[in-house]
Amino acid sequence: MRIPVRVEFFAGGLRPIVTLCIKSESPKIFGVVNAIIDTGSPTTILGAGDVQRMRISQVQMGKLIGAEKEVNLGGAQIKTRVLPEAELKINEKKIKISSVQVPVKLIKGTPPPTVLGIDFLLEGKFKFFFYPLKKEAYLEFD
Amino acid sequence: MNLQNSQLPKEISEFEEDSKWFYENADLLRKNKLVGKFVAIKNKEVIASDTELNKVVEEVESKGKNPSYIVIEYVYPDGTVILF
């Protein structure tokens with residue numbers, strides 16, 4: 001089966017982008033986000049802007065696990081902690097993913113977008129097709 | 001402002017349409033002096049903008065909308081290349 005992926009021009013180039021629903025029970029997180037599929041990133045990172053948009057309270061942010069880790073992404077410098085388990089829903093496919101990085105502090109730069117890394121492709125057992133010349137992209141799974 | 005599950009597919013498809021509109025109209029937004037600002041888009045229209053994301057989120061809420069389901073993006077200057 002295939003899930004279509006949009007190919008949009010964003011910040012200097014064509015990017016494969018999907019709209020997805022993210023849900024977590026602890027901390028309580030729920031919202032719709034646009035995410036760039038980035039095979040150069042080993043992990044999935046929630047966008048700092050998306051975190052603000054979803055109005056996650058400080059109490060809920062306190063439920064993130066692990067120590068703060070400094071991450072440089074898209075020209076921004078952020079500190080992240082880990083969301084132990086989240087469910088991503090794209091079309092009707094649900095993907096459980098562990099260890100999503102969540103920005104807790106923006107040190108420098110513009111909030112980067114949500115990035116789906118290799119962990120997302122592994123958990124969803126996806127093959128990823130990207131043909132920028134024809135602006136064609138999709139995720140494929142059995 | 002919680003949505004019923006039955007409403008969600010509509011919210012998601014509207015979010016998708018608004019985000020497509022944002023990427024396709026980035027030049028128009030730049031021409032409208034929105035460079036360097038965060039813009040909130042609903043039904044293919046800018047409903048709030050500011051240099052500070054928090055202010056845009058607050059304005060969206062003041063219009064009775066849930067920002068979790070509203071496209072809010074940053075308008076980069078033309079020629080900006082972001083590497084991940």
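Among residues of region A:127-141 that are under 18 Å from A:I95 (Cβ atoms), those with a Cβ under 7 angstrom from a residue that is among the acidic types (D, E), sequence gap 6+ or separate chain, pair up as A:K127/A:E140; A:F129/A:E140. Within region A:67-115, no residue satisfies the criterion of being hydroxyl-bearing (S, T, Y), outside any strand (DSSP E or B) and touching a residue at least 40 places away in the same chain (Cβ under 8 Å).
Considering only residues that are open to solvent by 10 Å² or more (accessible area, probe 1.4 Å) and out of contact with any Lys or Arg (no Cβ under 8 Å at 6 or more places or on another chain), look in region A:83-105 and name the one that is farthest from A:Y138 (Cα to Cα). My answer is A:P84. Taking region A:42-55 as the range and being in contact (Cβ under 8 Å) with a residue 40 or more places away in the chain and not small (G, A, S) as the test, the residues that pass are A:P42, A:T43, A:T44, A:I45, A:L46, A:D50, A:V51, A:Q52. Within region B:66-84, residues that are more than 7 Å from chain A (Cβ to nearest Cβ) and over 12 Å from A:P113 (Cα atoms) reach partners that are open to solvent by 30 Å² or more (accessible area, probe 1.4 Å) and part of a loop (DSSP other than H, G, I, E, B) with beta carbons closer than 6 Å, at six or more positions or on different chains, in the pairs B:N66/B:M1; B:V75/B:V35; B:V75/B:K37; B:P77/B:V35. Meeting the requirement of 1 or more residues that are surrounded by fewer than 16 Cβ atoms within 10 Å (Cβ to Cβ), the strands (runs of 3 or more DSSP E) wholly within chain B are B:45-50. In region B:23-47, the residues that are over 17 Å from B:E61 (Cβ atoms) reach residues that are open to solvent by less than 20 Å² (accessible area, probe 1.4 Å) and part of a loop (DSSP other than H, G, I, E, B) with C-beta atoms within less than 6 angstrom, at least six apart or across chains, in these pairs: B:L29/B:V75; B:L34/B:V75; B:V35/B:V75; B:K37/B:V75.
Of the residues making up region A:52-64, those that are open to solvent by 80 Å² or more (accessible area, probe 1.4 Å) and either more than 11 Å from chain B (Cβ to nearest Cβ) or of a type in the set (A, V, I, L, M) (or both) are A:Q58, A:V59, A:K63.
Within region A:1-11, the set of residues being touching a strand residue (DSSP E or B) at 6+ places or on another chain (Cβ under 8 Å), open to solvent by less than 20 Å² (accessible area, probe 1.4 Å) and more than 17 Å from B:D18 (Cβ to Cβ) comprises A:I3, A:V5, A:V7. If the condition is being part of a loop (DSSP other than H, G, I, E, B), facing another protein chain (nearest Cβ under 7 Å) and of a type outside the set (D, E), then region A:23-46 contributes A:G40, A:S41. Which of the residues spanning region A:107-125 are within 11 Å of another protein chain (Cβ to nearest Cβ) and surrounded by fewer than 19 Cβ atoms within 10 Å (Cβ to Cβ)? Across region A:107-125, the qualifying residue is only A:G109. Of all residues in region A:12-25, those that are touching a residue at least 24 places away in the same chain (Cβ under 8 Å), surrounded by fewer than 20 Cβ atoms within 10 Å (Cβ to Cβ) and either closer than 16 Å to A:G74 by Cβ or over 16 Å from the mean Cα position of the chain (by Cα) (or both) total 2.
Restricting attention to region A:26-51 and to residues that are among the hydroxyl-bearing types (S, T, Y) and either open to solvent by less than 10 Å² (accessible area, probe 1.4 Å) or within 10 Å of the chain's Cα centre (by Cα) (or both), the residue that is modelled with the highest pLDDT turns out to be A:T44. Of the residues A:I118, A:I107, A:I65, the single one that is under 13 Å from the mean Cα position of the chain (by Cα) and not aromatic (F, W, Y) is A:I118.
The values are calculated or read from the model by the stated rules, or taken from the named source; none is laboratory data. Not measured: the values here are computed from a predicted model. For neighbour counting, all protein chains shown are included, and Cβ atoms are generated from backbone atoms with ideal geometry for every residue, glycine included. Note: accessible area is taken over every heavy atom of the protein model, side chains too, but ligands, DNA and RNA are not part of it. Shrake-Rupley method; radii C 1.70, N 1.55, O 1.52, S 1.80 Å.
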